[in-house]
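Student: I am attaching a structure below and will ask some questions about it afterwards.
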Amino acid sequence: MDRRVVITGVGGLCGLGTDAASMWKEMREGRSAIGPLANSELHDLEGMTGAEIKALPEHDIDRKQLVSMARFSLLAVLAAREAMRQAGLSCDEGNAHRFGATVGVGGLGWDVMEETYRALLLDGARRVGILAVPKTMPSAAAGQVSLRLGLRGPVFGVNSACASANHAIASAVDQIKLGRADVMVSGGSDAPFAWGVLKAWEAMRVLSPDTCRPFSADRKGLVLGEGAGMAVLESYEHATRRGATILAEIAGVGLSADAFHIAAPSVEGPASAMRACLADAGLNAEDVDYLNAHGTGTKSNDQTETAAIKRVFGNHAYSMSISSTKSTHAHCLGAASALEMIACVMAIQEDVVPPTANYREPDPACDLDITPNVPRERKVRVAMSNAFAMGGTNAVLAFRQV
């Protein structure tokens, strides 16, 4: 269990851009992708805001393969392929059994589910597509990444709502530390822009009518987005042996549960996960330079998370830089913490903290340095990423410069 795990490639796409570099450029400058949804299939929900991918990047996936994928699986495959290209890795008969994948998702193939129900209930169809089940299952994204990249090691999906990607990455770290794999492709994907899904979120009364303003006193709620983020994880020995460029080390993992409420957050659950992450990494609170907060933009989440950060970090909570990049890419559910992983890795690479965009008014209950609106140059040796989910499941990762 003492094998070090490093990141050698990242890939992603969301409303900010269709590759990791373009996403990071927008995140870094605090430019938000949030706007009116243009998806023609959203029926009577015109006017709702979100962060859509306007057009997918060009790819060579043929039609026979595409018909077996829901949108969330396609996004995961595109991000995984980009991460593998950056890492300079490929699978062959000699190493495929040592390469695996874990992909976190917040839901399932909502686009296919909606198409299926509409065909049956509104159009009077007697049967639906033969691939509806394998396209919609939550593990489909992991399976498709395995198929398209030829990965034959440990492959499975992870589903824990908004903490899914961090849980998937944590699981991938375990596979490498336990010696079950040398390389894991891991992250998260989600595509929630379906009419029924948005009606369900609308009923919860947590959606903002305009944009996402984490920690700002005038925040009105969260905004949904779609996207995927993936990373190539390797044992340190495997990466150095092949001369790979190491982007960051996954220094620690912290997991916990609130056991408090199915939807409302607690202070102690997130605090416990952050403490566990520091302990796993062998870090003191003062070692963390940047924290990418869960920061959804709801009244309760932002205040609760602020209190949890203070409980864990004490006086250092006021010294480190904090931001919520959900203010730019919105809340991408199962993909959210994967996109935030990329933000942490790039913050370490470039020594810059991406800002919390759309910030307007100080909230006395959220009085930490949340890097409002503009990026900040500072040395980032250690970055931490928080992911807290409905159901009370928490997953925190720490990344360290190598």
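Student: Pop out the carbon and sulfur fraction of the accessible area of the chain as a percent, whole number, probe 1.4 Å.
Tutor: Percent of accessible area from carbon and sulfur atoms in the chain: 52.
Student: A follow-up question, please. Using the Kirkwood formula over every pair of different C-alpha atoms, what hydrodynamic radius in Å results for the stretch 159-306?
Tutor: Value: 17.7 Å, from the Cα pair sum.
Student: What do you get for GluC sites (Glu not before Pro) in the stretch 77-175 restricted to DSSP loop and a cutoff of at most 15 other Cβ within 10 Å of the site's Cβ?
Tutor: Answer in residue order: GLU93.
Student: What figure, in Å² to the nearest 10, do you get for the accessible area of LYS310 with a 1.4 Å probe and non-protein molecules left out?
Tutor: Here the residue's solvent-accessible area equals roughly 60 Å².
Student: Could you compute how fast the stretch 1-113 diffuses translationally, taking Rh as the Kirkwood radius over C-alpha pairs and applying Stokes-Einstein at 37 °C with viscosity 0.692 mPa s? Give it in µm² per second.
Tutor: It diffuses with D of about 198 µm²/s by this estimate.
Student: A further question follows. Could you pull the Rg and Dmax for the stretch 285-356, using just the Cα atoms, both in Å?
Tutor: Computed over the Cα atoms of the stretch 285-356, radius of gyration and Dmax are 12.1, 33 Å.
Student: GNM, the chain, Cα, under 10 Å: largest mean-square fluctuation among ARG118, ARG98, ARG31?
Tutor: ARG118
Student: Pairs on different chains or at least eight residues apart, Cα atoms closer than 24 Å: how many lysine pairs in the chain fit?
Tutor: Eligible lysine pairs with Cα atoms under 24 Å apart amount to 20.
Student: Here's something else I'd like to know. Taking only protein heavy atoms and a 1.4 Å probe, what accessible area per residue, in Å², does the stretch 1-160 have with all protein chains in place?
Tutor: Heavy-atom accessible area per residue stands at 50 Å².
Student: Which of GLY124, GLY225, GLY15 moves most in a GNM of the chain, Cα contacts under 10 Å?
Tutor: Top of the fluctuation ranking is GLY124.
Student: Can you grab the distance from the C-alpha centre of the stretch 62-126 to the C-alpha centre of the stretch 186-206, Å, no decimals?
Tutor: Answer, in whole Å: 18.
Student: Among SER160, ASN373, GLY30, pick out the residue whose Cα is farthest towards the positive end of the charge dipole of the chain, where Lys and Arg carry +1 and Asp and Glu carry -1 on C-beta, about the Cα centre.
Tutor: My answer, from the dipole projection, is SER160.
Student: List the pair-distance distribution P(r) of the chain, using every Cα-Cα distance, as the percent of pairs falling in each 10 Å bin from 0 up to the bin containing the longest distance, rounded to whole percents.
Tutor: Answer for the chain: a P(r) of 5, 25, 35, 24, 9, 1, 0 percent.
Student: Still on this structure: For the stretch 213-269 and the stretch 314-341, what is the centre-to-centre distance using only Cα atoms, to the nearest Å?
Tutor: Taking the Cα centre of each part, the stretch 213-269 and the stretch 314-341 sit 8 Å apart.
Student: Follow-up. Kindly rank 283-290, 157-164 from highest to lowest mean number of other beta carbons found within 10 Å of each residue.
Tutor: 157-164, 283-290
Student: Please report the relative contact order for the chain, taking Cα pairs under 8 Å with a sequence separation of at least 6, and give it as a percent rounded to a whole number.
Tutor: It rounds to 23 percent for the chain.
Student: In Å², what does the accessible area per residue of the stretch 243-301 work out to with a 1.4 Å probe?
Tutor: So the stretch 243-301 comes to 38 Å² accessible per residue, rounded to a whole number.
Student: All other residues with a Cβ under 13 Å from the Cβ of LEU89 taken together, and with Lys, Arg as +1 and Asp, Glu as -1, what is their net charge?
Tutor: Computed value for this residue: +1.
Student: In Å³ and rounded to a whole number, note down the convex hull volume per residue for the Cα atoms of the stretch 80-215.
Tutor: That works out to 148 Å³ per residue.
Student: Roughly what % of DSSP beta bridges within the chain run antiparallel, to the nearest 5?
Tutor: Bridges in the chain that DSSP calls antiparallel: roughly 65 percent.
Student: Semi-axes, largest first, in whole Å: what does sqrt of 5 times each Cα gyration tensor eigenvalue give for the stretch 1-48?
Tutor: Over the Cα atoms of the stretch 1-48, the semi-axes work out to 33, 15, 9 Å.
Student: Top mean-square fluctuation among HIS97, HIS331, HIS261, Gaussian network model of the chain, C-alpha springs under 10 Å?
Tutor: HIS261
The values are calculated or read from the model by the stated rules, or taken from the named source; none is laboratory data. All values reported here derive from a predicted model rather than from experimental measurement. No Cβ is skipped: glycine too gets one built from the backbone with ideal geometry, and neighbour counts run over all protein chains shown. The area values use the complete protein model at the heavy-atom level, side chains included, leaving out ligands, DNA and RNA. Shrake-Rupley method; radii C 1.70, N 1.55, O 1.52, S 1.80 Å.
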